[in-house]
Amino acid sequence: MISVLEATQSMLNVSLYIGFVVIGISLFLMMYQIIKGPNNANRAVALDTIAVNLMAIAGLLAIYLVTDKFNDIILIIGILAFLGSLAIAKFYEEGVIIDRD
């Protein structure tokens, strides 16, 4: 009879592998959306989704490697994704990112 700790560890491993596969499929579909998207707004949403997927991969890696060193990386990806979203939105709205007035 396997112990509770071994059963929990095997369930965690299976969940992590399923998470990696699902996120990989999502990344592939988002890359397809960026290449073949019907308009630029859909491409921008796909880029935001890729950033969220990268944050999820870093989180899953932190769980898999049993470390907390990836927390800073997750925060940096989130901040850069937010700034990128702001830049893309401003470019779509005004046509320029930095005003030279």
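Residues of segment 1-59 that are in contact (Cβ under 8 Å) with a residue 40 or more places away in the chain, open to solvent by 40 Å² or more (accessible area, probe 1.4 Å) and more than 20 Å from residue 70 (Cα to Cα): 40, 41, 47.
The residues of segment 60-87 that are open to solvent by less than 50 Å² (accessible area, probe 1.4 Å) and more than 30 Å from residue 10 (Cα to Cα), listed by number, are 78, 81, 84, 85, 87. Scanning segment 41-72 for residues that are over 14 Å from the mean Cα position of the chain (by Cα), closer than 20 Å to residue 87 by Cα and either assigned to a loop (DSSP other than H, G, I, E, B) or among the aliphatic types (A, V, I, L, M) (or both) yields a single hit, 41.
The values are calculated or read from the model by the stated rules, or taken from the named source; none is laboratory data. The model shown is predicted, which means the values in this text are computed figures rather than measured ones. Counting neighbours? That spans all protein chains shown, and the Cβs are built from the backbone with ideal geometry, glycine included. The area values use the complete protein model at the heavy-atom level, side chains included, leaving out ligands, DNA and RNA. Shrake-Rupley method; radii C 1.70, N 1.55, O 1.52, S 1.80 Å.
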